[in-house]
Each structure stands twice: as structure tokens, then as C-alpha cells.
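S.K.: Please see the structure below; I have some questions.
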Amino acid sequence: LAKTTQPISMDSYEGQEVNITCSHNNIATNDYITWYQQFPSQGPRFIIQGYKTKVTNEVASLFIPADRKSSTLSLPRVSLSDTAVYYCLVGDPNTGGFKTIFGAGTRLFVKA
Amino acid sequence: GAGVSQSPSNKVTEKGKDVELRCDPISGHTALYWYRQRLGQGLEFLIYFQGNSAPDKSGLPSDRFSAERTGESVSTLTIQRTQQEDSAVYLCASSPTSVEGASYGYTFGSGTRLTVV
């Protein structure tokens, strides 16, 4: 299973764009990249998933370079409610990915 | 129900006692997962159920841990002879199938916070 490396924490201000980068140097051909968000006292919540290039949904964008050894989660115009832990995961969905490894994540703190 | 329900939300137990944690997945979800999250850390995979197939127990940390699931319904995680190191939040997640979960996300419950004193 591919291991991921993310910054431990990040600070931002309301209204700014936040980019969280994740390294996954040994990503396999069939692996996808998935990001989850976790608020205190809650389980993680799926944000976005991608394989290559760029994926965008109503919440975030995910940028994946051609070599796929890293990925960047982009949160546009963050608000205080975006303060949470963000996890980057790598795994093959066709094999279920049920052993997906959640690392320690990145703690994002948004200030007023 | 609309989401994954876990009970109890909090449990304090004495070292050496057995505890049972319950997970009610979303109706129709055939895949169910248990994870453990220690304070300030990521999630550790414990066990996985997919329909009527044999569960994957490869993440269980010791033989004190076991889990059951009846069909595609409720699951219980049992920890025998609890130790202080077992203190953590135990999270349950479900998805329609394992592939859909990995592709579109698992739905997690809010967890059971276990404290062993």
C-alpha cells in the first residue's frame, strides 16, 4: 500500500485559498488518490477523488501532476468551518481499498 | 436510518473488563469497516465485512479483539480484557459495496470513545 506524506498542520485566514500537498512517491498504476475531511468528534467525510490531471467538485479541486507522485487539494475561499483535519489516501478502488491507510493528516486552522 | 449509527458514544471501563461496541450501517450497505483512532493520530484499519464473505480480520491488533456481523446488518466489535492502550475512538463505516466505497467514499459514524481506566 502506498504511503503518503502530508504537512502536519497549516494555518490560513478566512477567504483565502488553501492548498494542501500530499506526497505519494510509490503510488501504483491502479491507485487513485482520495481526500477526506474530519471534524472533531466526527468520522471522516469524503471530499474528492482523482486519478490524474484535475478534478473539481462543489467543495474542492484536486490537482495531480503527470508523474502522480504528489497531489494537491485546493480549498477555495476557506471559512472558519473548514477548520478540520484533512487526510490524503492512496489505494486501488477495484480491490475495495478497505485497508486504505489513513495517515495523521493535515490539521488546517482557519482564523478570522 | 439516514446515517451510520454507533453506540455507545462514550464508554468508560475498568482495565480487564470486556466491552462491546455496536455499529448500525446504512440500510443496504453490504460493506462495513471498523477503524481505531488514537488521540491525534490517523485511523487504523481493524476489520472488514463484505456481504456474506468471510471477514478480513488482518487489522485486528490482538486476539482480544473480535467482531461479528449478521448478514448485512448490525456489527459488534468486542474487546476482551481491556487494556489502557485500547483507549481510542472506534469508528465504523459502511458503503454500498467495497468498490463503491473506495470510489465514492465511505460513510462513517461518529464513533465510540473508549476510555480504559
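S.K.: Convert each backbone phi in region B:63-71 into a coupling constant with the Karplus relation 6.51 cos²θ - 1.76 cosθ + 1.60 (shift: θ = phi - 60°), then list the ³J(HN,Hα) values in order as whole Hz, x for Gly and Pro.
M.R.: 6, 6, 9, 8, 8, 10, 8, 9, x
S.K.: Follow-up. Tell me, which residues of region B:36-51 get at least 50 Å² less accessible area when the other protein chains come in, versus the chain alone (1.4 Å probe)?
M.R.: B:43
S.K.: Let me ask you something else. Could you let me know the centre-to-centre spacing of region A:40-80 and region B:30-47, using Cα atoms, in angstrom?
M.R.: A separation of 21 Å, based on Cα centres.
S.K.: Top mean-square fluctuation among B:66, B:75, B:103, Gaussian network model of chain B, C-alpha springs under 10 Å?
M.R.: Greatest mean-square fluctuation among the candidates belongs to B:103.
S.K.: If you add up the charges near residue A:40, with Lys and Arg at +1 and Asp and Glu at -1, over every other residue whose beta carbon is less than 12 angstrom from its beta carbon, what do you get?
M.R.: Residues near residue A:40 contribute +2 overall.
S.K.: Continuing with this model, one more query. Using the Cα centre as the reference, give the magnitude of the dipole from point charges on the C-beta atoms of the protein assembly as shown (Lys, Arg: +1; Asp, Glu: -1; all else neutral), rounded to the nearest 20 debye.
M.R.: 320
S.K.: Right, another one. Would you work out the relative contact order for chain A, in percent, from Cα pairs under 8 angstrom that are 6 or more residues apart?
M.R.: 37
S.K.: So which trypsin sites (Lys or Arg not before Pro) in region A:19-112 are both in a DSSP loop and have at most 10 other Cβ atoms within 10 Å of their Cβ?
M.R.: Sparse-neighbourhood loop trypsin sites (Lys or Arg not before Pro): A:77.
S.K.: Taking the Cα centre of region A:1-96 as origin, sum charge times position over the Cβ atoms of Lys and Arg (+1) and Asp and Glu (-1), and report the length of that vector in debye to the nearest 20. Don't skip to the end; give the middle numbers.
M.R.: Values: 7 positive and 8 negative charges, 50 e Å.
The dipole magnitude comes to about 240 debye.
S.K.: Cβ under 12 Å from residue B:55's Cβ, residue B:55 left aside: what net charge do those residues give with Lys, Arg +1 and Asp, Glu -1?
M.R.: Combined, the nearby Lys, Arg, Asp and Glu give 0.
S.K.: What accessible area per residue, rounded to a whole number of Å², is obtained for chain A using a probe radius of 1.4 Å?
M.R.: Each residue of chain A exposes 50 Å² on average to a 1.4 Å probe.
S.K.: Something else now. Taking beta carbons within 10 Å but only from partner chains, what does the mean come to for residues B:101-112?
M.R.: Mean number of neighbouring Cβ atoms from other chains: 6.
S.K.: Related question: Which whole-number percent is the relative contact order of region B:78-117 (Cα, under 8 Å, 6+ apart)? Walk me through the numbers before you get to the answer.
M.R.: Numbers: 44 pairs, mean separation 21.4, N = 40.
Worked out over region B:78-117, it gives 54 percent.
S.K.: Taking 8 Å as the Cα distance limit and 6 or more residues as the minimum spacing, I'd like the relative contact order of chain B as a percentage. Please report the intermediate quantities before stating the final value.
M.R.: Numbers: 284 pairs, mean separation 44.0, N = 117.
Rounded, it is 38 percent for chain B.
S.K.: Quickly estimate the mean residue ellipticity at 222 nm for chain B, helices only: each DSSP H run with n ≥ 4 gives -39500 (n - 2.57), and the total goes over all residues, rounded to 500.
M.R.: It lands at -1500 deg cm²/dmol.
S.K.: Here's another thing I want to ask about it. About its Cα centre, how strong a charge dipole does region A:39-89 have in debye, to the nearest 20, once Lys and Arg get +1 and Asp and Glu get -1 at the Cβ? The partial results should precede the final answer.
M.R.: Values: 6 positive and 3 negative charges, 35 e Å.
It comes to approximately 160 debye.
The values are calculated or read from the model by the stated rules, or taken from the named source; none is laboratory data. Keep in mind that what you see is a predicted model, and the values were worked out from it rather than measured. Heads up, the Cβs are rebuilt from the backbone with ideal geometry, glycines too, and the neighbour counts pull from every protein chain shown. Side chains are part of the model used for accessible areas, which takes the heavy atoms of the whole protein and leaves out ligands, DNA and RNA. Shrake-Rupley method; radii C 1.70, N 1.55, O 1.52, S 1.80 Å.
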